[in-house]
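Step one of this worksheet: look at the structure below.
The values are calculated or read from the model by the stated rules, or taken from the named source; none is laboratory data. These numbers were taken from a predicted model, which means no experiment stands behind them. Virtual Cβ from ideal backbone geometry, glycine too; neighbours counted across all protein chains shown.
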Amino acid sequence: MAAVGSFLDARSRGGRWLVRMEDLDRARAVPGSDSEILRTLEAFGLPWDGEVEYQSRRTHLYAQALESLRTAGRAFECSCSRRELSTEESGYPGTCREGPRRHGDTATRFRVDETQTVEFDDRFQGPIALAMGKLGDVIVRRRDGAFAYQLAVVVDDALQGITDVVRGADLLESTGWQIALQRALSLRTPRYAHLPLLLECTGGKLSKSRRSTALDAGRAGAQMLQVLRLLSLSPPQELAGATPPTLLEWATGRWREQPPRQLREVILPETRLPGRL
């Protein structure tokens with residue numbers, strides 16, 4: 001749903017829609033998965049602009065950004081394990097701010113300003129205020145040496161000249177860290193728009209649910225229709241058998257007229273639904 005929402009937002013405003021492969025976790029990367037993702041986008045009528053960017057080819061740039069944070073005193077090494085932090089109700093408690101508590105491999109954390117509240121006007125959710133002291137110091141380089149999502153996307157967004165980020169509301173807290181990182185690195189902050197998160201009636205995310213069915217290129221039109229309905233676009237009955245390009249052309253005009261409502265979550269009915277799109 002996030003892919004379709006971001007595509008419609010870009011196209012409705014005359015913008016470019018970019019595809020980025022977040023493949024920094026090489027241990028979990030599945031060979032050929034990038035090609036499968038691109039084939040799926042094509043099958044569902046979602047053409048991208050420019051070259052596909054791979055984060056695994058940009059690690060030297062993330063290293064430069066991390067060194068800048070270290071030089072400014074905004075990064076520190078942390079020896080805490082996930083198990084040690086699993087009982088914390090809020091963000092990282094600052095255990096290693098004055099240095100690692102034990103020897104061995106460490107992760108690197110971004111030192112947030114605990115007195116700061118990051119405020120921004122989300123295009124879909126309205127005014128947002130995130131207390132950085134509650135979020136805590138986020139990992140920017142993992143214990144295994146891999147750069148973490150929060151740092152990588154901040155560098156990527158700046159290098160690609162991203163003006164608008166459209167994604168799911170489950171990443172609202174990440175926006176606080178990312179804006180703080182942008183400020184620490186003197187990078188431009190894009191506009192953010194967070195789409196409602198699809199939840200089961202039990203409160204779990206649809207993407208983790210057994211009811212989330214696999215995307216099927218043979219049913220691309222029907223599944224795209226479901227996605228547009230989940231985005232509250234209400235396609236007319238005459239589009240029931242339309243192809244994805246036709247549906248997206250109609251939806252682009254509708255999106256321009258009626259952006260998403262200010263909803264953080266959407267509770268789903270008891271029906272089978274398409275997988276992530």
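Within region 8-38, can you find the residues that are in contact with a strand residue (DSSP E or B) (Cβ under 7 Å, 6 or more places away or on another chain), assigned to a helix (DSSP H, G or I) and under 23 Å from His194 (Cα atoms)?
Scanning region 8-38 gives a single hit, Asp9.
Please specify each residue of region 118-137 satisfying the condition of being within 23 Å of Gly94 (Cα to Cα) and surrounded by 13 or more Cβ atoms within 10 Å (Cβ to Cβ).
Val118, Leu130, Ala131, Met132, Gly133, Lys134, Leu135, Gly136, Asp137, listed by residue number.
Could you say whether any residue in region 153-160 is free of Cβ contacts under 8 Å to residues at least 12 places away in the same chain and either in contact with a helix residue (DSSP H, G or I) (Cβ under 6 Å, 6 or more places away or on another chain) or surrounded by fewer than 21 Cβ atoms within 10 Å (Cβ to Cβ) (or both)?
No, region 153-160 has no match at all.
Is it the case that Arg11 is touching a residue at least 60 places away in the same chain (Cβ under 8 Å), loosely packed, with under 11 Cβ neighbours inside 10 Å and not assigned by TED's automatic domain parsing to the domain that holds Leu181?
no
Looking at Asp216 and the list (1) surrounded by fewer than 13 Cβ atoms within 10 Å (Cβ to Cβ); (2) at pLDDT below 90, which single condition is not satisfied?
Going through (1) surrounded by fewer than 13 Cβ atoms within 10 Å (Cβ to Cβ); (2) at pLDDT below 90 one by one, Asp216 breaks only (1).
Here are Arg188, Arg167: which of them is within 13 Å of Asp122 (Cβ to Cβ), touching a residue at least 24 places away in the same chain (Cβ under 8 Å) and basic (Lys, Arg)?
Every option except Arg167 fails the conditions.
Within region 39-96, take every residue that is of a type in the set (D, E, K, R) and assigned to a loop (DSSP other than H, G, I, E, B) and give me the one that is surrounded by the most Cβ atoms within 10 Å (Cβ to Cβ).
In this case the residue turns out to be Arg74.
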